[in-house]
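To start, the structure under review is shown below, and the notes come after it.
The values are calculated or read from the model by the stated rules, or taken from the named source; none is laboratory data. None of these values were measured; they are calculated from a predicted model. Virtual Cβ from ideal backbone geometry, glycine too; neighbours counted across all protein chains shown. Only protein heavy atoms, including side chains, enter the accessible area calculation; ligands, DNA and RNA are left aside. Shrake-Rupley method; radii C 1.70, N 1.55, O 1.52, S 1.80 Å.
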Amino acid sequence: MGIEKAVIPVAGAGTRLLPATKSQPKEMLPVGRKPVVQYVVEELVAQGLRKILFITGRKKRSIEDHFDKDPELVRMLTESGNNGLLEQLEYEKAEVSFFYVRQGLPLGLGHAIGCAEDFVGDEPFVVALGDTIMQPTESPTLVHRLIQSHLSHKSNCTLAVCEVPEDEVNRYGIVKPKLEEEEEFEAETLVEKPAKGEMASRYAIAARYVFNPNIFEAIRRTPPGMGGEIQITDAIGVLLQMGGKVRCLKLGPGEKRYDIGNHQAYFRAFVDFALMDEEYGYTVRQYLQRKLRGFE
Ligand code: UTP
């Protein structure tokens, strides 16, 4: 049995990126040539996930428009013979069904994932945060390895984790391993944004998850936590208390997560993707080198 359903939460308010996010979703901000959420969808589709649910909310309608087919635009570009631009719309042809459910109020990531219950039914499913790009996307990707691990260990939840510097643990959901192992480990406890020194671990949850449907029961039992929101980290803690098995997979060498949730991370992501651009990466690099030497 494989997994064919994925959930992308995109209903957050994006307040840390104001004013850019006052009237548009942060998940639609461009990084390089594409909006962030397009990278996320392409990553999932490349792993054979064919049913994708967006947990959406106020001011997020442009995400739905972006994944709609646009025959008018295609006809216009075809008639004008603009094949280069037509290629940019190739993503519209992906064999994937999109579904949308509204969160109503952004009451936290745990609450957002809870809105997927009817869609999910009784099979395991993937969750990928809509504001985080994973690189590289060539096989075998992180999501593929998460699915393999989840199914072979018969886990209830499998998380991607990456090591963060000591002084950044208070910005993430942090997992403490039961026993330290090479690439994977079983989780002992989890804390959302722990105070410095509170957790003897630097493993931050890295925006990609696989869950069994019993996460919904755990979410229902989870009270509001940090910021008054229902946190998915807390719900996974409840899942552990319910006797669930939670395993973590470390990002491999060369794998990188780009979370664009704040301005500094967004600027870094944009610079990296501009440098990786096939057509302009080289000239951007030259421009930056000249600029840093004070010539521009
Ligand atoms: P974040 O917590 O980073 O996003 O959630 P946010 O709440 O939009 O950020 P700030 O603090 O206001 O700047 C990570 C992902 O989860 C989604 C977000 O849209 C983002 O893609 N999310 C978050 C929801 O769908 N619903 C929520 O209630 C919270």
TODO: For the stretch 47-68, enumerate the residues that are more than 16 Å from the ligand (Cβ to nearest atom) and either touching a helix residue (DSSP H, G or I) at 6+ places or on another chain (Cβ under 6 Å) or modelled with pLDDT of 90 or more (or both).
DONE: 47, 48, 49, 50, 51, 65
TODO: Considering each of 41, 101 in turn, give the residue that is free of Cβ contacts under 8 Å to residues at least 60 places away in the same chain, open to solvent by less than 60 Å² (accessible area, probe 1.4 Å) and more than 29 Å from residue 274 (Cα to Cα).
DONE: 101
Open item on the list: Can you tell me how many residues within the stretch 266-281 are surrounded by fewer than 18 Cβ atoms within 10 Å (Cβ to Cβ) and hydrophobic (A, V, I, L, M, F, W, C)?
Closed with: 5
- [ ] Would you list the helices (runs of 4 or more DSSP H) that sit entirely within the stretch 226-293 and hold 3 or more residues that are among the aliphatic types (A, V, I, L, M) and within 16 Å of the ligand (Cβ to nearest atom)?
- [x] 232-241
TODO: Find all pairs meeting these conditions: Cβ atoms under 9 angstrom apart; at least six residues apart or on different chains; first residue within the stretch 54-74 and acidic (Asp, Glu); second residue open to solvent by less than 50 Å² (accessible area, probe 1.4 Å) and within 15 Å of the ligand (Cβ to nearest atom).
DONE: 64/54; 64/56
- [ ] Would you please name the residue that is surrounded by the most Cβ atoms within 10 Å (Cβ to Cβ), looking only at residues in the stretch 44-84 that are closer than 26 Å to residue 110 by Cβ and small (Gly, Ala, Ser)?
- [x] 57
- [ ] Report, by residue number, each residue of the stretch 194-246 that is open to solvent by less than 20 Å² (accessible area, probe 1.4 Å), under 14 Å from residue 154 (Cα atoms) and either out of contact with any helix residue (DSSP H, G or I) (no Cβ under 9 Å at 6 or more places or on another chain) or not β-branched (Val, Ile, Thr) (or both).
- [x] 211, 244
